[in-house]
1. Would you work out the relative contact order for chain B, in percent, from Cα pairs under 8 angstrom that are 6 or more residues apart?
2. With Cβ to Cβ distances under 13 Å as the rule, what net charge do the other residues near B:Leu39 carry (K, R +1; D, E -1)?
3. What does the charge dipole of chain A about its Cα centre add up to, to the nearest 20 debye, if the Cβ of each Lys and Arg holds +1 and the Cβ of each Asp and Glu holds -1?
4. Across the protein assembly as shown, how large is the tail of the calculated P(r) beyond 47 Å, expressed as a percent of all Cα pairs?
5. Going highest first, how would you order A:222-230, A:365-373 by mean Cβ packing within 10 Å?
6. Report, by chain and number, residues whose modeled amide H sits under 5 Å from the one on A:Arg320, excluding near sequence neighbours (fewer than 5 apart, same chain).
7. Under 24 Å Cα to Cα from A:Lys14, which lysines show up? Leave out anything in the same chain fewer than 8 places away.
8. Please average, across the residues of B:125-135, the number of beta carbons from any other chain that are within 10 Å of each residue's own beta carbon, and give a whole number.
Amino acid sequence: MGKPILSVEKLGKKYLLSHQRSEPYTALRDVMAEKVKEFRRRLVNPFSGARPSDSGSGPEEFWALRNVSFDVSPGDRVGIIGRNGAGKSTLLKILSRITEPTEGKAHLRGRVASLLEVGTGFHPELTGRENISLNGAVLGMTKVEIRKKFDEIVDFAEVEKFLDTPVKHYSSGMYVRLAFAVAAHLEPEILVVDEVLAVGDAAFQRKCLGKMEDVASQEGRTVLFVSHNMAAIQTLCRRAIWLDAGRVEQDGESEAVINAYGERLQNASNIPATLRSLDGNIDIEQIQLLDKNGRATSVYSPGSPIKVEIHYHAKQPVRRPYVWLGIQSQFGALFGANMLLDGARPEVLEGRGCIGCTFHTLPLLPGQMYRIMFGGRKEDGFSALFKATEVTHFLITGSAEEIGLKGELADSLVGQSSPVLLPYTWELPDGRFVSVNPF
Amino acid sequence: MAHQDPKTASVCDRFELVIEPGRGFRNYWRDIWQYRELLYFLSWRDILVRYKQTAIGVAWAILRPLLTMAVFTTIFGYLAKLPSEGVPYPILVFTAMLPWQFFSSSLSESSNSFITNANMLTKIYFPRLIVPASAVIVNLVDFLISFIILGALMAWYRFAPGWQVFTLPLFLSLGFLASFGLGLWMATLNVKYRDFRYVVPFIVQLGLYVSPVGFSSSVVPGKWRLLYSLNPMVGVIDGFRWAILGGELRFYWPGFLLSLVITSVMLLFAFRYFRNTERKFADII
């Protein structure tokens with residue numbers, strides 16, 4: 001092929017992390033108070049240089065992305081994988097021109113449409129019809145394009161009947177369908193998609209994936225696709241780029257890259273950076289996954305127990321908090337353990353310590369990756385202590401046969417099937433009973 | 001597929017884009033032009049939402065200027081007995097209410113506009129200038145409603161404007177630029193210093209008293225008049241009065257020109273400050 005449609009050269013993005021503030025913006029009164037303090041200090045001691053006290057608590061540099069280079073040819077579909085905080089979203093944000101890089105450059109030879117979230121700009125008070133126009137404009141479509149695609153969008157979203165209803169009355173499924181439908185009918189040369197397919201029901205997800213495949217293969221568009229859904233990446237993308245700690249760890253044929261990534265996950269199962277509570281009082285320093293022998297691993301066999309250990313450091317005592325854990329797959333939330341429901345809660349978290357939670361059996365299909373979500377609320381049960389965050393993932397490995405799934409296609413289908421497997425029995429017309437009692 | 005290649009190639013050349021640090025100014029105006037429809041849609045959304053959410057939306061747009069006018073007429077016209085320049089006092093007040101209310105609501109809404117649209121700013125690219133601009137445009141609808149009331153009021157008093165009324169768009173544009181300039185500046189400061197939102201209502205409140213809304217500028221002593229015109233809204237309001245009340249008033253040129261200069265400087269300054277901060281918006285908002 002000729003010129004690459006997208007070339008990225010030594011791209012880097014630096015953030016300054018401040019340890020004192022949890023919000024990125026400043027308050028004017030703080031700035032003014034600083035200035036007054038500074039002024040007073042200078043009056044007292046006019047010849048001193050920079051304040052020595054500053055060096056300890058000053059901002060810390062953090063490279064979310066560093067030295068990232070790659071080329072993409074027109075019509076390529078590239079999957080971007082990596083752990084949370086690896087720099088995937090930062091890369092997409094730079095390519096979508098939402099934020100500027102600190103160094104390096106990216107050369108784009110075509111219009112870019114980015115889909116970092118479904119339904120950006122949707123207004124709950126407006127009807128479906130009005131939101132289609134609005135969202136289309138937000139995503140860069142012209143009035144003429146929107147009018148031309150309108151019926152197709154409505155068709156795809158399956159919301160004809162509710163077109164003139166305000167979207168605040170939509171079910172969440174309808175809302176997502178409509179939002180994705182608008183985005184799917186964009187006609188850019190380069191489509192940048194963040195993990196937006198993690199929403200909606202399985203059937204609609206498959207429809208979306210199919211649409212994205214069409215967009216790329218039939219219409220010759222270039223797609224950059226971030227996902228934790230390895231199966232989706234494998235079906236959609238021939239090539240994958242694995243980012244780790246802001247750098248390109250591996251770039252190549254998607255199957256090889258995904259396998260290498262999976263192997264790495266098995267070896268390290270703790271969260272990359274410290275997770276801090278919204279009020280800054282507690283740090284989660286480590287989240288460990290342990291098997292039945294107490295060994296840290298992120299590979300489990302179907303039906304085995306898993307223990308999640310949350311190692312915290314409370315700088316101030318935190319009284320009677322609620323925390324929860326949730327297990328998710330590519331199909332959405334599966335199950336969890338939630339102190340808000342079961343009422344088990346620590347009296348106080350002080351200093352360093354650990355909360356453990358054992359799921360006695362993982363009734364999950366092999367061949368899929370599962371994510372662990374973590375969140376928490378304060379004593380009152382309403383205000384957030386930790387934002388819901390994906391903290392780690394694990395893989396279930398093994399063959400379909402060993403858990404009693406004997407279908408001919410079972411091995412190729414377990415990776416894409418609804419993952420929770422519970423005991424059941426078929427009663428066939430010839431009088432046979434076939435039981436599956438997997439674990 | 002082969003037949004598609006020439007088209008793809010031409011498109012590629014047309015939309016060539018380089019992303020690097022400190023860049024972005026080169027295509028800024030072209031981008032704004034490309035995104036003009038978004039400006040239209042955002043304004044349309046806000047207008048729709050404003051008048052949809054409350055049945056009293058329109059009533060509010062009518063009641064607010066009417067009530068304010070009644071209070072001002074009573075206080076300044078009947079109690080303080082300020083001169084009315086030979087026109088009915090309610091009309092004198094109302095001609096000033098028009099630009100002032102447009103200015104004050106535009107300023108308060110545009111200065112909050114980046115924060116209220118923060119979600120969009122962190123998820124999608126478009127020239128951010130569109131956001132405060134659409135916040136100002138939305139208030140043109142309220143302005144139009146008030147303008148109709150003024151027409152009715154003038155018909156009631158059997159007061160006909162002169163040819164000067166055709167210069168009104170000029171003064172409206174000046175009012176637009178003044179509120180957009182200050183609004184853009186405040187909006188940008190608001191992104192960076194989140195407590196700036198407390199400053200804006202104060203400016204609006206104070207501005208009502210230092211602008212000739214309830215009284216005519218002629219009550220300001222001659223030697224202070226130029227200093228008074230440092231407030232850019234003085235030029236706009238005086239212009240409105242001159243345009244609508246016609247020959248009854250003398251046009252005060254030095255004051256108008258000063259307002260023009262102040263507005264332009266403010267706009268330029270706001271724009272520069274905004275452009276310097278815009279690049280970091282998504283990181284700090």
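Bear in mind that the values in this text are calculations on the coordinates, not laboratory data. Small disclaimer: the values here were computed from a predicted structure and weren't measured. So basically every Cβ, Gly included, is an ideal-geometry build from the backbone, and we count neighbours across all protein chains shown.
1. Working: 319 pairs, mean separation 68.3, N = 285.
Relative contact order of chain B: 24 percent.
2. Numbers: positive: A:Lys143, B:Arg36, B:Arg45, B:Arg128; negative: B:Asp31, B:Glu37, B:Asp46.
Its environment carries a net charge of +1.
3. Values: 52 positive and 53 negative charges, 331 e Å.
That gives chain A a dipole magnitude of about 1600 debye.
4. Details: 85831 of 261726 pairs.
Tail fraction, whole percent: 33.
5. Values: A:222-230: 23.6, A:365-373: 21.1.
Highest to lowest by the protection proxy: A:222-230, A:365-373.
6. A:Val348, A:Leu349
7. Here the lysines satisfying the reach criterion relative to A:Lys14 are A:Lys88, A:Lys93, A:Lys105, A:Lys387, B:Lys123, B:Lys192, B:Lys280.
8. Numbers: counts 11, 7, 0, 0, 0, 0, 0, 0, 0, 0, 0.
Per residue, the average neighbour count from other chains is 2.
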